[in-house]
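One structure is given below, encoded as structure tokens.
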Amino acid sequence: MKRRNLLLMLSAAALAFALPAAAQDKYQAEYRLSTVVGTAFPWGKGGEIWANLVRERTNGKINIKMYPGVSLVAGDQTREFTAIRQGVIDLAIGSTINWSPQIKELNLFSLPFLMPDYAAIDALTQGEVGKDIFRILEKNGVVPLAWGENGYREVTNSKRPIRTPADMKGLKFRVVGSPIFNETFTAMGANPTQMSWADAQPALASGAVDGQENPLTIFSAAKLHTVGQKNVTLWGYVADPLIFVANKEVWKLVARRAQDRQGRRGRSGPADHPDGAQGTDRARPVHHFRRREVGRQRGEALGERARGVREDDTPGVPEVVEEHRPRPGRQGREGRRRAQEILNATGAERGTVNPGRRSA
């Protein structure tokens, strides 16, 4: 189910670039696609699939090369949006967090505990709020194509289990470059430090910071358990959607090719966008990668991590604490059961998952 929904979303973004064989005008030899992480992560894998779909559906006329690690802006993910607008980056799959310094409205998704489940995320991105945000992005010179999901962000650390905000007191956490994250962690008594993802892993390994917050897919793929992150707290306080976008000039080129095609075919009608439809809503239908089996996804993420521990013979299985969150039912009983089984299988003495408070 998850794979099918992901492919639907990526297909929608690819269709925006799909052109007929009749369009013979030259394109750039390469279109630069920026992502924060590589193909070992679902985020980067989505970029790879998108690039392949565009190449396939344009008969090889449009070739996209991925630049993971936001390498086109020297690893500074908070500069990515400006680089898209300036044409340094042609395409991107970006997080609302990383682009919030330039687009303040994207801070909506960083408000802690605003969205208790994926239905709440859908209500925002698929409703009028999502349409308004797309219009704001377009006014700022970037063309939005589709929504994606990055998952709920959980907190990990090397010092102790976190079950209440009081447990965070004095801990040093790496956070992303948004004032809201600084304020949130400071309010809980922690010492947040803003740094890029490229700098985060060395800082965790050296002990310069005690912990970090990210979706479990990042924790698993980056093997953060190998850099001392032995305590994992599932609190689901923030989920940052991803947005597939194109540089405005790149999009104009695609639209112009579509207009030329319509002229050759003798068809009339609006041609402001590649599919001949006017307006953001019709030209770029909003699609969303919905992970309905959230519990299963979290269990699988922990499973990958646990298997890595056994294969690498790395000691110290992370203790998973699931306590503070507004609606624990969204994790799913199956996910909690599977996570517990995984931890038990590794022989972790304290690796227990607390099901937390029950919804009424």
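The values are calculated or read from the model by the stated rules, or taken from the named source; none is laboratory data. Since the model is a prediction, treat every value here as computed from it, not as a measurement. Note: ideal-geometry Cβ built from the backbone for every residue, glycine included; neighbour counts use all protein chains shown.
Being under 26 Å from Thr184 (Cα atoms), within 17 Å of the chain's Cα centre (by Cα) and aromatic (Phe, Trp, Tyr): is that true of Tyr118 here? Talk me through it step by step, then tell me what you get.
Details: under 26 Å from Thr184 (Cα atoms): yes; within 17 Å of the chain's Cα centre (by Cα): yes; aromatic (Phe, Trp, Tyr): yes.
Answer is yes for this residue.
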Selection over the stretch 197-211 where residues are touching a helix residue (DSSP H, G or I) at 6+ places or on another chain (Cβ under 6 Å) and within 24 Å of Leu111 (Cα to Cα) yields a count of 1
How many residues of the stretch 212-231 are in a helix (DSSP H, G or I) and under 24 Å from Phe109 (Cβ atoms)? The answer is 7
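Listed here are the residues, each with its yes/no results for (1) of a type in the set (S, T, N, Q); (2) under 30 Å from Asp90 (Cβ atoms); (3) at pLDDT 95 or above; (4) assigned to a loop (DSSP other than H, G, I, E, B).
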{"residue": "Ile133", "(1), (2), (3), (4)": "no, yes, yes, no"}
{"residue": "Gly170", "(1), (2), (3), (4)": "no, no, yes, yes"}
{"residue": "Phe185", "(1), (2), (3), (4)": "no, no, yes, no"}
{"residue": "Pro192", "(1), (2), (3), (4)": "no, no, yes, no"}
{"residue": "Thr233", "(1), (2), (3), (4)": "yes, no, yes, no"}
Picking from Gly236, Gly228, Gly151, the residue that is small (Gly, Ala, Ser) and more than 18 Å from the chain's Cα centre (by Cα) would be Gly228
Of the candidates Ile89, Ile84, Ile93, the one satisfying the condition of being in a loop (DSSP other than H, G, I, E, B), under 28 Å from Glu30 (Cα atoms), β-branched (Val, Ile, Thr) and touching a strand residue (DSSP E or B) at 6+ places or on another chain (Cβ under 7 Å) is Ile89
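Residue-by-condition table, conditions (1) of a type in the set (A, V, I, L, M, F, W, C); (2) touching a residue at least 24 places away in the same chain (Cβ under 8 Å):
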site: Arg55; (1), (2): no, no
site: Thr58; (1), (2): no, yes
site: Val73; (1), (2): yes, yes
site: Gly87; (1), (2): no, yes
site: Gln102; (1), (2): no, yes
site: Asn107; (1), (2): no, yes
